[in-house]
Amino acid sequence: MHKQLSNMQSSYPERFEREMACTEADWLRWLPAAVGDLHWKLLTQSAGVRIGEGALGLQWQVAPPRVIGQISLPVLSVRFRFAGVDDAQRHAFMKRFDLYMQRGGG
């Protein structure tokens with residue numbers, strides 16, 4: 001399984017996993033804007049997104065918080081599974097998705 005450390009990248013595999021520093025409530029609040037105008041369906045701890053003739057399956061679960069000194073950060077483990085989505089479509093989708101999901105930092 002490929003763990004994603006940097007969100008912005010030049011290509012995205014068909015399957016990968018990412019740890020997001022957010023709560024499930026945050027994720028659910030940000031998800032509609034990140035998906036944009038694409039047709040999608042929310043299920044329990046998962047969502048399906050139509051991308052052209054293909055699709056993206058998202059699954060997530062709450063992971064133990066990351067503790068750094070006295071700071072505790074929420075962690076959401078998210079699996080991305082593209083099917084029938086070519087490299088260019090994956091890149092275009094993920095570029096928008098990452099911009100909408102990126103928080104803070106610099």
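Things to note:
- Taking only protein heavy atoms and a 1.4 Å probe, the accessible area of the chain is 54% carbon and sulfur.
- Where trypsin sites (Lys or Arg not before Pro) fall in DSSP loop in the stretch 1-87, at most 13 other Cβ within 10 Å: none
- Remark: the Leu73-Gln45 segment gains 8.1 nm on full extension, using 0.36 nm per residue and subtracting the alpha carbon distance.
- Acute angle (nearest 10 degrees) that the helix 24-35 long axis makes with the longest principal axis of the chain, alpha-carbon atoms: 30 degrees
- Among (i) 47, 29, 25; (ii) 56, 29, 20; (iii) 51, 39, 25, the entry that matches Cα extents along the principal axes in Å as calculated here: (i)
- In order along the stretch 43-60, phi translates into HN-Hα couplings of 10, 6, 6, 7, 8, x, 10, 7, 10, x, 8, x, 8, 10, x, 10, 10, 9 Hz, rounded to whole numbers, per the Karplus curve 6.51 cos²θ - 1.76 cosθ + 1.60 with θ = phi - 60° and x for Gly and Pro.
- Order of exposure, largest accessible area first, which applies to Ser11, Ser46 with probe 1.4 Å: Ser11, Ser46
- For the chain, the mean residue ellipticity at 222 nm estimated from helices alone is -8000 deg cm²/dmol, where every DSSP H run of n ≥ 4 contributes -39500 (n - 2.57) and the total is divided by all residues, rounded to the nearest 500.
- Solvent exposure of the chain, expressed per residue, is 62 Å² of accessible area, with all protein chains present and a 1.4 angstrom probe.
- Across the stretch 75-81, coupling constants 3J(HN,Hα) worked out from phi with the 6.51/-1.76/1.60 Karplus curve, θ = phi - 60°, read 9, 10, 8, 10, 9, 10, 9 Hz, and Gly and Pro carry x.
The values are calculated or read from the model by the stated rules, or taken from the named source; none is laboratory data. Quick caveat: nothing in here was measured; it's all calculated off a predicted structure. For neighbour counting, all protein chains shown are included, and Cβ atoms are generated from backbone atoms with ideal geometry for every residue, glycine included. Ligands, DNA and RNA are excluded from the accessible area calculation, which covers all protein heavy atoms including side chains. Shrake-Rupley method; radii C 1.70, N 1.55, O 1.52, S 1.80 Å.
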